[in-house]
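Read the figures in this text as sums done on the coordinates, not as results from a lab. The structure displayed is predicted, hence computed values, not measured ones. So basically every Cβ, Gly included, is an ideal-geometry build from the backbone, and we count neighbours across all protein chains shown.
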Amino acid sequence: VIEQCASFGAEHGFAPVAYDRDRLYTSMITPRTEELADRYYEPRPVVGSLDRDARANKILLLGDADALAAARPALAELLGTEASLTVAIPTMLEVLPPGASKREGVRAFCDHHGIDESSELAAVGDGENDAEMLR
């Protein structure tokens, strides 16, 4: 999936960023990759081989919002059931492992800490990537 996303990004002019826990890898530094650290306080991406250096738990494709939206169906078809796509910010298309979501993260956290979701949990969100969590 990492190689497919990197190739897709290169073909469409999107900057790919692979999240490997607290380390971010990209094939190119761009204003959008720098924005991850400067605006969103993510670790600063380092240039590395996305297929060799990263074991991604999430991949972002960064680019123009309209171009990402137009390319999304083609990427979904390319990846099939190997990944799921979502958007938190229109200039960032997120590629996640199948079944991964904030909902599953919240569920695992609550189970681990003995929290009753129905009576002890409140959640808020403002993006497509929050929708499943809010159900």
Counting each DSSP H run of 4 or more residues in the chain as -39500 (n - 2.57), what helix-only mean residue ellipticity at 222 nm follows after dividing by all residues, to the nearest 500 deg cm²/dmol?
-11000 deg cm²/dmol
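How about segment 21-93: which chymotrypsin sites (Phe, Trp or Tyr not before Pro) there are in a DSSP loop, with at most 13 other Cβ atoms within 10 Å of their Cβ? Don't skip to the end; give the middle numbers.
Working: sites: Tyr25, Tyr40, Tyr41; in loops: Tyr40, Tyr41.
For chymotrypsin sites (Phe, Trp or Tyr not before Pro) across segment 21-93 that sit outside H, G, I, E and B with at most 13 neighbouring Cβ atoms in 10 Å, the list reads Tyr40, Tyr41.
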Highest first, please rank the peptides 90-99, 71-80 by the mean number of other Cβ atoms sitting within 10 Å of their residues.
90-99, 71-80
Options Gly114, Ala71, Gly13, ranked by Cα towards positive dipole end of the chain, top entry (Cβ charges):
Gly13
Let me check I've understood the local charge: for Asp38, count other residues with C-beta under 13 angstrom from its C-beta, Lys and Arg +1, Asp and Glu -1. What total comes out?
0
The chain, convex hull of Cα, quarter of hull surface, nm² -> 8.6
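What is the magnitude of the charge dipole of the chain about its Cα centre, with +1 placed on the Cβ of each Lys and Arg, -1 on the Cβ of each Asp and Glu, and no other charges, expressed in debye to the nearest 20?
Working: 13 positive and 24 negative charges, 49 e Å.
With Lys and Arg at +1 and Asp and Glu at -1, about 240 debye.
Remind me, relative contact order of the chain in percent, using alpha carbon pairs under 8 angstrom and six or more residues apart? Before the final figure, lay out each step's value.
Numbers: 221 pairs, mean separation 27.0, N = 135.
It rounds to 20 percent for the chain.
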